[in-house]
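Take a look at the structure below.
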Amino acid sequence: MSRHQSVNSQTQQDHSYRMALNQYLQYWRRQDDLYWSEAQHGARERTLWTVTCYLANVAYGTGHASTKGQAKERAAQQTLAMLNYQQSAAWNMGCSTTWVAADTRSHTYQGY
C-alpha cells in the first residue's frame, strides 16, 4: 500500500462516525437539529480542541483531540453511542426511541 493510499484510508476512517451520524439524521429528516460547538485551548503547538455535538439543543457527545477534525469525530462517535443506547433501551421496554429536546419538542424514531 502506498503512503497516499494510507493517508486516504485514514481520512475516510476519520470521517466514518460523522458520516454515519449524518446518514442517521438524514434518514429521520433531522439534519436541521444538528449543530456543533468548537473550542480551542492551549498554545498553538499544543492545541487541544473540544467539540460538542448537539441535537435539538441537547448536548449528546463531546470529543477532545489535538485537531478539530479528530475532536469532532469523537463527539460524533459518542453521539451515535448515545442514540444507540436510547434506541436499545426503548426496544427493551417495548416502545420506540424518543429524545426530548430542550425546547420540549419530542422526536420519536421507530428504529434505524
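The values are calculated or read from the model by the stated rules, or taken from the named source; none is laboratory data. All of these numbers come straight from a predicted model, not from anything done at the bench. Note: ideal-geometry Cβ built from the backbone for every residue, glycine included; neighbour counts use all protein chains shown. When the accessible area is computed, the model is the full protein with side chains, heavy atoms only, and any ligands, DNA or RNA have been set aside. Shrake-Rupley method; radii C 1.70, N 1.55, O 1.52, S 1.80 Å.
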Quiz item: Of all residues in region 83-112, which are under 17 Å from the mean Cα position of the chain (by Cα), open to solvent by 20 Å² or more (accessible area, probe 1.4 Å) and at pLDDT 70 or above?
Solution: 84, 85, 86, 87
Exercise. Please specify each residue of region 42-54 satisfying the condition of being under 9 Å from the mean Cα position of the chain (by Cα) and not hydroxyl-bearing (Ser, Thr, Tyr).
Key: 53
Exercise. Identify all residues within region 51-82 that are open to solvent by less than 30 Å² (accessible area, probe 1.4 Å) and in a strand (DSSP E or B); write none if there are none.
Key: 51, 52, 53, 55, 60, 61, 63, 65
Quiz prompt | In region 55-82, residue nearest to the chain's Cα centre (by Cα) [restricted to those that are among the aliphatic types (A, V, I, L, M) and over 16 Å from residue 25 (Cα atoms)] | solution = 71
Self-check item: Residue list for region 51-72, restricted to those being free of Cβ contacts under 8 Å to residues at least 24 places away in the same chain and closer than 24 Å to residue 86 by Cα
Solution: 52, 54, 59, 60, 61, 62, 63, 64
Practice problem: Write out, first by first residue and then by second, each pair whose Cβ atoms fall under 8 Å of each other, whose residues are 6+ apart or on separate chains, and whose first residue, in region 25-48, is within 19 Å of residue 73 (Cβ to Cβ) while the second is surrounded by 14 or more Cβ atoms within 10 Å (Cβ to Cβ) and charged (D, E, K, R). | Solution: 25/33; 36/72; 38/68; 38/72; 40/68
